[in-house]
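Visitor: Okay, here's the structure, questions in a sec.
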Amino acid sequence: MTEAPKQAPAPAGRANTKKELPEHLKAYKHVWVVIECEHGAVHPVSFELLGEGRKLADKRGVELAGVIMGSDKDVIATVANDCFEYGADLVYTITDPALAHYRNEAYTKAMTDLVKTYQPEILLLGATTLGRDLAGSVATTLLTGLTADCTELAIDDEGSLAATRPTFGGSLLCTILTLNYRPQMATVRPRVLSMPTRQSGRRGRIVEHPLGLLEHDIVTKVLQFIADRESNKAQLAYADIVVAGGLGLRSAENFQLVKALAEVLGAEYGGSRPLVQKGWMTSDRQIGQTGKTIRPKLYIAAGISGAIQHRVGVEGADMIVAINTDPNAPIFDFAHLGIVADAIRLLPALTEAFRKHLSVNRLAG
Amino acid sequence: MHIVVCMKQVPDSAQIRVHPVTNTIMRQGVPTIINPYDLFALEEAMRWRDRFGGEVTVLTMGPPMAEDSLRKALTFGADRAVLLTDRFFAGSDTLATSFALAGALAKIEQEFGKPLMIFTGKQTIDGDTAQVGPGIAKRLSLNQLTYVARIVDLAPEEGHITVERRAEGGVQVLSTRLPVLITMLEGVNEIRRGSLDDAFRAARAKIVTWNAADAGITDLTQCGLRGSPTIVKKVFAPPPRAEKAYQVATTDLSMEALAETVMGEIFKRQTSLEGDLMRFSAGQ
């Protein structure tokens, strides 16, 4: 991907005009999605990508394949079926003890071998810590183009992958093509694309491939994996629900109301930058440009005015609920649901409403 | 121990404006800064230098004015600064950037000694790609450690390093052999202020400035626009959100009733949420 938009018009004759693909790249067909499967679970972004990949493959009139790498053949068989039901026509699998945990070296080798052997025209990965680590290495090994963190994928009139992504902290969007190289690679962040409908009973083909690498030859070793649920740290960036407070809460004591709601929702809590400066919370919970960027399904902002520095950190949220006494607060410009009210009074009521609703339904269930 | 930190000078994104007609970035008057993520890399590099002795070289590729960022890094306490600048590099995408930087790093090894660690920030704030670090690692055949939250153990003599790496849903503890390329996670340290001595030294320091030929980069077909497989087809401002927030009517409602209404509106808009919460609640 491009580090920054190129402003200057390109000189004539360079690669930005569609030429006929070099002969050795013409054989590249089909759309692939790398299926992230660690610790026995598939990252949802992989299924989201299959949904999008299905559309791209249909538009191109080619097949959609999932790539599953791992060490447990039962898990891989299960995940293969998941892929078919989410739209894949076939899956490529590599089963090897060396693939038990993600490691750049082994996964890069596996991916580049597969690409060279079966030649996809489009290769999609999740913009996760795994996907970004792997995509950069694979693209550099194959010397092809890679577009990071796309928010929209399409096939243009000439059949190329048109990948649109935000840049400069979201102040601009750019559409990027990889014309004369294959595969065309792109990563997409989790929850940017919608989850496709699962088609129960849909099946496909499995193509097995060897890793061709011995544990002995892999330099990097995984000593341990510490799952987040076993540690005590703030996991704002990865949380599904985040409740945050701002100066509108008026005191450190009232900030506890944010924590109380977060607890009922199983959410992470955080706040805007001034709260760190006032010592109401630690800096690892700061949300915004100089703090954490979050992408939850639900973000509740209580007493936060919504300055641009805060906005860029939360814009990726699926749904932003803003509570503020000032009807002209900038946060209402980008929130989905706005409530002009005093958060200090509404937060406890919300906490109680959710608590009641969830316990009633738990008893009923 | 020689450590290199790759940095980028970026426009301060909080102040970026887009020209309403041409949809191009208005760079005039926008202040430039060291990519904030790179400061975590720089501080980490200097801490390990302080512990084991040695030198920290900062490297950047960019226009001549990127010298400002390098000088700033010297005031923080870096020992040497290298600027790679050449019009042949203009318009580089990440693949072409990693090619040029890998070339300069090879030259740095020749001139100033082999680095055991090369650091970058986890990504830049203008491009946001996080691809150049892995690109450099691949080109120089370095072991790659991305999203490093903590260096647990470093043994330069034995050539070993152990780190905690941010992964999906947890932290991987990885051990590997030096030399390595590390991309540092944000928020893991705080850049030092730098001493008065550093400030004086930085003001007088000579920035090592190389063009492609100086850096021994001869294959210009892999540089700049020509060496970039990706092509920016279109740059445009995001369409403004059509509608403002849906305002929940608050008059004539008790707080309890208002809370019920808000909860209902949330569940109505995010249909999967209620089920998720039930499952969470049931698991408690």
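The values are calculated or read from the model by the stated rules, or taken from the named source; none is laboratory data. For clarity, every value in this text was computed on a predicted model and none was experimentally measured. With ideal geometry, Cβ positions are generated from the backbone for all residues, glycine too; neighbour counts draw on all protein chains shown.
Visitor: Any residue in region A:275-289 that is out of contact with any Asp or Glu (no Cβ under 8 Å at 6 or more places or on another chain), touching a residue at least 60 places away in the same chain (Cβ under 8 Å) and surrounded by fewer than 22 Cβ atoms within 10 Å (Cβ to Cβ)?
Guide: yes
Visitor: Restricting region A:288-307 to residues that are modelled with pLDDT of 90 or more and more than 12 Å from chain B (Cβ to nearest Cβ), which is farthest from B:Asp126 (Cα to Cα)?
Guide: A:Gly303
Visitor: Another question about this same structure. Given B:Leu258, B:Leu277, B:Leu273, which one is in a helix (DSSP H, G or I), at the interface with another protein chain (Cβ under 9 Å from one of its Cβ atoms), over 21 Å from A:Glu268 (Cα atoms) and free of Cβ contacts under 8 Å to residues at least 24 places away in the same chain?
Guide: Selected residue: B:Leu258, the only one of B:Leu258, B:Leu277, B:Leu273 that is in a helix (DSSP H, G or I), at the interface with another protein chain (Cβ under 9 Å from one of its Cβ atoms), over 21 Å from A:Glu268 (Cα atoms) and free of Cβ contacts under 8 Å to residues at least 24 places away in the same chain.
Visitor: Now, a different point. Which condition from (1) on the phi < 0 side of the Ramachandran plot; (2) in contact with a Phe, Trp or Tyr (Cβ under 6 Å, 6 or more places away or on another chain); (3) not basic (Lys, Arg) is the one that A:Gln119 breaks?
Guide: (1)
Visitor: Which numbered condition trips up A:Ala322, out of (1) within 15 Å of A:Leu236 (Cβ to Cβ); (2) within 8 Å of chain B (Cβ to nearest Cβ); (3) buried (at least 21 other Cβ atoms within 10 Å of the Cβ)?
Guide: Against the list (1) within 15 Å of A:Leu236 (Cβ to Cβ); (2) within 8 Å of chain B (Cβ to nearest Cβ); (3) buried (at least 21 other Cβ atoms within 10 Å of the Cβ), A:Ala322 comes up short only on (1).
Visitor: Starting from region A:322-350, take each residue that is hydroxyl-bearing (Ser, Thr, Tyr) and list its partners that are in a helix (DSSP H, G or I), counting only C-beta distances under 8 angstrom and pairs at least six apart or across chains.
Guide: A:Thr325/A:Gly248; A:Thr325/A:Ala343
Visitor: Let me ask something else. Is there any pair linking a residue in region B:122-143 that is among the acidic types (Asp, Glu) to one that is part of a helix (DSSP H, G or I), with Cβ under 6 Å and at least six apart or on different chains, and which?
Guide: What qualifies is B:Asp126/A:Phe168.
Visitor: Please state which of the following conditions A:Gly270 fails to meet, knowing it meets all the rest: (1) under 19 Å from A:Glu315 (Cβ atoms); (2) assigned by TED's automatic domain parsing to the domain that holds A:Ala88.
Guide: (2)
Visitor: Take the conditions in contact with a Cys (Cβ under 8 Å, 6 or more places away or on another chain) and either crowded, with 24+ Cβ neighbours inside 10 Å or assigned by TED's automatic domain parsing to the domain that holds A:Leu153 (or both) and apply them to A:Ser71. Does it pass?
Guide: no
Visitor: Between A:Ala154, A:Ala163, which is modelled with pLDDT of 95 or more and in contact with a Cys (Cβ under 6 Å, 6 or more places away or on another chain)?
Guide: From the options A:Ala154, A:Ala163, the qualifying one is A:Ala163.
Visitor: Does B:Ala81 satisfy the condition of being assigned to a helix (DSSP H, G or I), in the same structural domain as B:Thr176 (by TED's automatic domain parsing), within 19 Å of the chain's Cα centre (by Cα) and modelled with pLDDT of 95 or more?
Guide: no
Visitor: Now, a different point. Quick one: how many residues across region B:84-100 are assigned to a helix (DSSP H, G or I), in contact with a Ser or Thr (Cβ under 9 Å, 6 or more places away or on another chain) and not aromatic (Phe, Trp, Tyr)?
Guide: So the first thing to find is which residues in region B:84-100 are assigned to a helix (DSSP H, G or I), and the list is B:87-89, B:94-100.
Next, only the ones that are in contact with a Ser or Thr (Cβ under 9 Å, 6 or more places away or on another chain) stay: B:89, B:94-100.
Those still in the list that are not aromatic (Phe, Trp, Tyr) too: B:94-98, B:100.
Residues flagged as assigned to a helix (DSSP H, G or I), in contact with a Ser or Thr (Cβ under 9 Å, 6 or more places away or on another chain) and not aromatic (Phe, Trp, Tyr) within region B:84-100 amount to 6.
Visitor: Wholly within region A:28-144, which helices (runs of 4 or more DSSP H) include no fewer than the required count, namely at least 1 residues that are more than 25 Å from A:Ala237 (Cβ to Cβ) and within 11 Å of chain B (Cβ to nearest Cβ)?
Guide: Numbers: elements: A:44-60, A:73-85, A:104-118, A:129-142.
Because the criterion is at least 1 residues that are more than 25 Å from A:Ala237 (Cβ to Cβ) and within 11 Å of chain B (Cβ to nearest Cβ), the helices (runs of 4 or more DSSP H) in region A:28-144 that meet it are A:104-118, A:129-142.
Visitor: Does region A:87-105 hold any residues that are over 21 Å from A:Ser137 (Cβ atoms) and either under 21 Å from the mean Cα position of the chain (by Cα) or of a type in the set (Gly, Ala, Ser) (or both), and which are they?
Guide: Result: A:Gly87, A:Ala88.
Visitor: Also, quick follow-up: Show me the strands (runs of 3 or more DSSP E) found entirely inside region A:164-268 where at least 1 residues are buried (at least 17 other Cβ atoms within 10 Å of the Cβ), within 14 Å of another protein chain (Cβ to nearest Cβ) and polar (S, T, N, Q).
Guide: A:172-178, A:184-188
Visitor: Also, quick follow-up: Pick from region A:328-341 the residues that are in a loop (DSSP other than H, G, I, E, B) and at the interface with chain B (Cβ under 8 Å from one of its Cβ atoms): which of them is surrounded by the most Cβ atoms within 10 Å (Cβ to Cβ)?
Guide: So the residue we want is A:Ala335.
Visitor: Under the condition of being out of contact with any Pro (no Cβ under 6 Å at 6 or more places or on another chain) and without any contact (Cβ under 8 Å) to a residue 60 or more places away in the chain, which residue from region A:136-148 is nearest to B:Ser98 (Cα to Cα)?
Guide: A:Thr140
Visitor: Under 9 Å between Cβ atoms, which residue pairs at least 6 apart in sequence (or on different chains) link something in region B:3-14 that is over 30 Å from B:Pro156 (Cβ atoms) with a partner that is at pLDDT below 90 and of a type in the set (D, E, K, R)?
Guide: Filtered contacts from region B:3-14: B:Val10/B:Asp126; B:Pro11/B:Arg27; B:Pro11/B:Asp126; B:Ser13/B:Asp126.
Visitor: Looking at region B:190-198, is at least one residue more than 7 Å from chain A (Cβ to nearest Cβ), surrounded by fewer than 17 Cβ atoms within 10 Å (Cβ to Cβ), out of contact with any Leu (no Cβ under 6 Å at 6 or more places or on another chain) and closer than 30 Å to A:Leu130 by Cβ?
Guide: Yes, region B:190-198 contains at least one residue that is more than 7 Å from chain A (Cβ to nearest Cβ), surrounded by fewer than 17 Cβ atoms within 10 Å (Cβ to Cβ), out of contact with any Leu (no Cβ under 6 Å at 6 or more places or on another chain) and closer than 30 Å to A:Leu130 by Cβ.
Visitor: Same structure again: Any residue at all in region A:310-317 that's touching a strand residue (DSSP E or B) at 6+ places or on another chain (Cβ under 9 Å), under 23 Å from A:Gln256 (Cα atoms) and within 9 Å of another protein chain (Cβ to nearest Cβ)?
Guide: Scanning region A:310-317, I find no residue that is touching a strand residue (DSSP E or B) at 6+ places or on another chain (Cβ under 9 Å), under 23 Å from A:Gln256 (Cα atoms) and within 9 Å of another protein chain (Cβ to nearest Cβ), so the answer is no.
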